[in-house]
Amino acid sequence: MTDQSQIPLPEDKPLEFAGRVYQSRLLVGTGKYRDMTETGDAIKASGAEIVTVAVRRTNLGQNPDEPNLLDVVSPKDYTILPNTAGCFTAKDAVRTCKLARELLDGHNLVKLEVLGEEKTLYPNMTETLVAAEQLISDGFQVMVYCSDDPLLAKRLEEMGCIAIMPLGAPIGSGLGIQNRYNIRLIVENANVPVLVDAGVGTASDATIAMELGCDGVLMNTAIASARDPVRMARAMKLAIESGREAYLSGRMAKKAYASASSPIDGTFF
Amino acid sequence: MNVILNGDHRELPDQATLQWLIEDLGLAGKRLAIEVNEEIVPRSQYGDYRLKDGDRVEVVHAIGGG
């Protein structure tokens, strides 16, 4: 049996993207909320400092005074992470990132996701690799949504992606982390932050991701589709913090049989 | 002239600039980005950028997403 005291505790490295350090390891999306007020309240409760947004055609001829997402989730208060959700080709993903950079005054941090098919929204990794290469050479800082394949994850890191974000389960499924072993392998091999992106359903799923050593978790539906999103946002904040603390603590070894917590010595019966 | 604006045909006066278009749409001063024929047009160029017949214009903004 390995003597656990010989294994060094994990290092508590701060979470850093593109030269900025973040306190919160929970990144949240802004989709699927009932309205802008709920969006703002839930994001505030989550404690997230990085929030994802999508880029879409402006509705023309409709009420131009309707509240704008970036008024509720202001780039002054949050790091805005535009995504390429809905893109099924590298070309569309690159176009979307360029529009996002213009939209956000030159801000070049993006979440790249190139999807493979509608039913699972599983990432199309060949197109993802093509898009990542083009974006990186164009000066973007790419956080990449990817499959949980350890070799592809390493490849994305070597290409220059600044964060590797494997799915725990399909987007919006809430199934939790389906392949802990792969997530763990990706974490062990990585020299850039690894975040589980997609698949979290409830707080314990987020905690498991953090206990596996992930640097953070990105989620949207688990909060937005909870019946009380603001409360779930708070739960996720605590879950992420708990999982991180547990990971850094170096958990006890699992044993097949009991080991009494109270001493046997001094019993009077 | 006729352009394709966010996927729909739209009649514009000849020589219309992007700045004219976004004012006409009531979007002046809003946070948006514009692409013409799949090329980004920087905000600073809206006033000088004259649209041509057949241009494909995309006007986008940020919305909720994960």
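Mind checking which pairs have a first residue in region A:164-184 that is on the phi < 0 side of the Ramachandran plot and in a loop (DSSP other than H, G, I, E, B) and a second that is open to solvent by less than 30 Å² (accessible area, probe 1.4 Å) and of a type in the set (Phe, Trp, Tyr), Cβ under 9 Å, 6 or more apart or different chains? Pairs found: A:Leu167/A:Tyr145; A:Ile171/A:Tyr145.
Of the helices (runs of 4 or more DSSP H) entirely within region A:8-123, those holding at least 1 residues that are of a type outside the set (Asp, Glu) and under 19 Å from A:Ala224 (Cα atoms) occupy A:36-46, A:69-72. Residue count for region A:125-157, restricted to those that are in contact with a strand residue (DSSP E or B) (Cβ under 6 Å, 6 or more places away or on another chain) and outside any helix (DSSP H, G or I): 9. Within region A:201-224, the set of residues being away from chain B (no Cβ under 11 Å) and open to solvent by 10 Å² or more (accessible area, probe 1.4 Å) comprises A:Gly201, A:Thr202, A:Ala203, A:Ser204, A:Asp205, A:Thr207, A:Ile208, A:Glu211, A:Leu212, A:Asp215. Listed by first and then second residue, the pairs linking a residue in region A:90-116 that is at the interface with chain B (Cβ under 10 Å from one of its Cβ atoms) and closer than 20 Å to B:Arg43 by Cα to a residue that is open to solvent by 40 Å² or more (accessible area, probe 1.4 Å) and part of a loop (DSSP other than H, G, I, E, B), with Cβ atoms under 6 Å apart and 6 or more places separating them unless they lie on different chains, are A:Arg101/A:Asn108.
Assessment of region A:45-61 against the conditions (more than 10 Å from chain B (Cβ to nearest Cβ), hydroxyl-bearing (Ser, Thr, Tyr), within 22 Å of A:Val196 (Cβ to Cβ) and in contact (Cβ under 8 Å) with a residue 60 or more places away in the chain) yields at least one matching residue. Among residues of region A:14-28 that are within 15 Å of A:Val217 (Cα to Cα), those with a beta-carbon under 6 Å from a residue that is of a type in the set (Asp, Glu) and buried (at least 16 other Cβ atoms within 10 Å of the Cβ) at least six positions away or on a different chain give the pairs A:Leu15/A:Asp215; A:Tyr22/A:Glu49; A:Ser24/A:Glu49. Close Cβ contacts (under 7 Å, 6 or more residues apart or on different chains) running from residues in region A:69-80 that are under 20 Å from A:Val21 (Cβ atoms) to residues that are part of a loop (DSSP other than H, G, I, E, B) and open to solvent by 50 Å² or more (accessible area, probe 1.4 Å) comprise A:Ile80/A:His107. The residues of region B:38-49 that are facing another protein chain (nearest Cβ under 9 Å) and in contact (Cβ under 8 Å) with a residue 12 or more places away in the chain, listed by number, are B:Glu38, B:Val41.
Scanning region A:18-44 for residues that are β-branched (Val, Ile, Thr), surrounded by 19 or more Cβ atoms within 10 Å (Cβ to Cβ) and more than 10 Å from chain B (Cβ to nearest Cβ) yields one hit, A:Ile43. Within region B:45-59, the set of residues being open to solvent by 70 Å² or more (accessible area, probe 1.4 Å) and either at pLDDT below 95 or more than 25 Å from A:Pro75 (Cβ to Cβ) (or both) comprises B:Asp48, B:Arg50, B:Lys52, B:Asp53, B:Arg56.
Determine whether region B:28-41 contains at least one residue that is open to solvent by 50 Å² or more (accessible area, probe 1.4 Å) and touching a Pro at 6+ places or on another chain (Cβ under 8 Å). Scanning region B:28-41, I find at least one residue that is open to solvent by 50 Å² or more (accessible area, probe 1.4 Å) and touching a Pro at 6+ places or on another chain (Cβ under 8 Å), so the answer is yes.
In region A:225-266, of all residues being in a loop (DSSP other than H, G, I, E, B) and open to solvent by less than 70 Å² (accessible area, probe 1.4 Å), the one that is nearest to A:Tyr33 (Cα to Cα) corresponds to A:Ala226. Among the residues making up region B:1-37, a single one is at the interface with chain A (Cβ under 7 Å from one of its Cβ atoms) and out of contact with any strand residue (DSSP E or B) (no Cβ under 8 Å at 6 or more places or on another chain): B:Gly26. Residue selection: A:Leu15 fails the criterion of being within 9 Å of chain B (Cβ to nearest Cβ), buried (at least 16 other Cβ atoms within 10 Å of the Cβ) and of a type in the set (A, V, I, L, M, F, W, C). Of the residues making up region A:117-150, those that are hydroxyl-bearing (Ser, Thr, Tyr), touching a residue at least 12 places away in the same chain (Cβ under 8 Å) and surrounded by fewer than 19 Cβ atoms within 10 Å (Cβ to Cβ) are A:Thr120, A:Tyr122, A:Ser147.
The values are calculated or read from the model by the stated rules, or taken from the named source; none is laboratory data. This one's a predicted model, so the numbers in the text were calculated from it and none came from an experiment. We place every Cβ from the backbone using ideal geometry, glycine too, and count neighbours over all the protein chains shown. To get the accessible areas, we keep the full protein, side chains included, count just its heavy atoms, and leave off ligands, DNA and RNA. Shrake-Rupley method; radii C 1.70, N 1.55, O 1.52, S 1.80 Å.
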